Each structure stands twice: as C-alpha cells, then as structure tokens.
Amino acid sequence: MCLPVSADALRCQFDGAPLGIPVMGKLSRLYVARFASTWTMLAGGGVSILKALQAAADSLSNLAMRQDAQCPLLAGREGAPLA
C-alpha cells in the first residue's frame, strides 16, 4: 500500500536534489547571499535575532534550504545558544 506523500515533501526533495550536484550547488550561493543579507539588515536594524532568522528563512524560495535555515531558529526558541 502506498502512503500519500505531501506536496511539501515532494517539493523539498525536488529543491534539495540539485544542491548535491557541484555545478548546481554553486548556484545555492545566491540563496545563501539572500539569506545573509536579509538577516544582517534586520538584525542590524534592531529586530530580535530570532525574528530576523525567521524572516530571513522565509525569504528563501528553496524549501530544502528554508528548512535547514529554520533549524537554528527552533533550537534558539528552545533556549539553545546560537553560537
């Protein structure tokens, strides 16, 4: 019996697959640059670190990278140090 797979799970696999290919992995630098610039702008503007992380993660259109960016956010909400 096949289990239904959510659209988000399929999109995450689809978005994450090219990141392992060397040529396509270099394009992921654009996502990292967008994340870093958004986070830096917000944190420098006085927004709390956790809210800035959430907004920066939401700015990523690649679902696999968005989920990876939200890991420190979840850990920070639980009280873990971000450093």
| task | Of all residues in region 40-83, count the ones that are closer than 17 Å to Ala9 by Cα and aliphatic (A, V, I, L, M). | result | 5
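Considering only region 1-48, how many residues are in a helix (DSSP H, G or I), at pLDDT 85 or above, surrounded by 13 or more Cβ atoms within 10 Å (Cβ to Cβ) and of a type outside the set (Lys, Arg)? Full working, then the answer.
The first filter runs over region 1-48 and keeps only residues in a helix (DSSP H, G or I), leaving 7-20, 22-44.
From the residues that got through so far, the ones that are at pLDDT 85 or above too are 32-44.
Of the ones still in play, those that are also surrounded by 13 or more Cβ atoms within 10 Å (Cβ to Cβ) are 34-35, 38-39, 41-43.
Applying the additional criterion that residues be of a type outside the set (Lys, Arg) yields 35, 38-39, 41-43.
Within region 1-48, residues that are in a helix (DSSP H, G or I), at pLDDT 85 or above, surrounded by 13 or more Cβ atoms within 10 Å (Cβ to Cβ) and of a type outside the set (Lys, Arg) number 6.
The values are calculated or read from the model by the stated rules, or taken from the named source; none is laboratory data. On a predicted model such as this, the values are computed, not experimentally measured, just so you know. Ideal geometry is used to build each Cβ from the backbone, glycine not excepted, and the neighbour counts take in all protein chains shown.
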